[in-house]
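K.L.:
Please see the structure below; I have some questions.
Nothing in this text is a laboratory measurement; each read-out follows from the coordinates by a stated rule. Predicted model, so just to flag it, every value in this text is computed and none were measured.
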Amino acid sequence: MVPLLLVSFIAALAFAAVHVFAGRLRTLGRIPRSGWLSMAGGVSVAYVFVHLLPELAEGQEVMDGSDMWLLSYLEHHVYLLALLGLAAFYGLERLIKKHRRDLPEHQESHAGVFWLHIAAFAIYNGLIGYLLMHGENNRLSTLVLYCIAMSLHFLVNDFALQNDHKDLFRRRGRWLLAMMPLAGWASGLVIEVSELAVSALTAFVGGSIILNVLKEELPEERDSRFSAFLLGAVGYSLLLLGFQST
């Protein structure tokens, strides 16, 4: 148990390090989109569809057995929570893009909009850090796979936020995002929620990951690399399936 706890802490440090050091990989922020970022996005999406969605099916069984009155009225509640995660970040993304269109190209975002965006991703990062200690990450193999997929996902998010908020993100935002996975991990040490709540958090995070990856890959102006995205998705899917069969 102690080695697994240590590995989860190292994973939280890795999440933090992505935000601290990603800015040094300046060549990844170019247009057309770096193949490495497209590949990282493919890995993240593969993790959701091959690993997290089966977990959601198990989470649905947990919710079906719940006696909470609200959940009894929802036939597919765990998937609705995934949809909620996707919709929440989609709405936030539309708000940010509209704000950016109203600003000169190189001007920083208004402070209120910036902090709203960063606060949402800070909570998101904290939840991902918290799930290091809970959910299905109770084996070394699943924990390592989660760490790899989420580290690459954070890399994609970091460049997206850098593009949205310019130097303001580099000076302030990235430090808050770097702290939150560690804060989430520490919360997981002292706060243990029900299996139902873990299923709900996993569903919300899964939907959010799908949106946050695809919003970077789909816009035409990104000139994304489909071949790299497909390579990441297929390669990581095969890796996940290989571990699941053992």
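K.L.:
Measure of size requested: the Rg and Dmax of segment 36-244, with Cα atoms as the atom set and Å as the unit; please supply both.
P.N.:
Final numbers for Rg and Dmax: 17.4, 53 Å.
K.L.:
Also, I was wondering about something else. By how many nm would the segment from LEU189 to LEU116 lengthen if fully extended, with 0.36 nm per residue of separation less the alpha-carbon distance?
P.N.:
23.5 nm
K.L.:
A follow-up question, please. Give a residue-ordered list of calculated ³J(HN,Hα) values for segment 81-92 (Karplus: 6.51 cos²θ - 1.76 cosθ + 1.60, θ = phi - 60°; whole Hz; x for Gly, Pro).
P.N.:
5, 5, 5, 4, x, 5, 5, 4, 6, 5, x, 5
K.L.:
Tell me, what is a quarter of the convex hull surface for the C-alpha atoms of segment 171-246, in nm² with one decimal?
P.N.:
8.1
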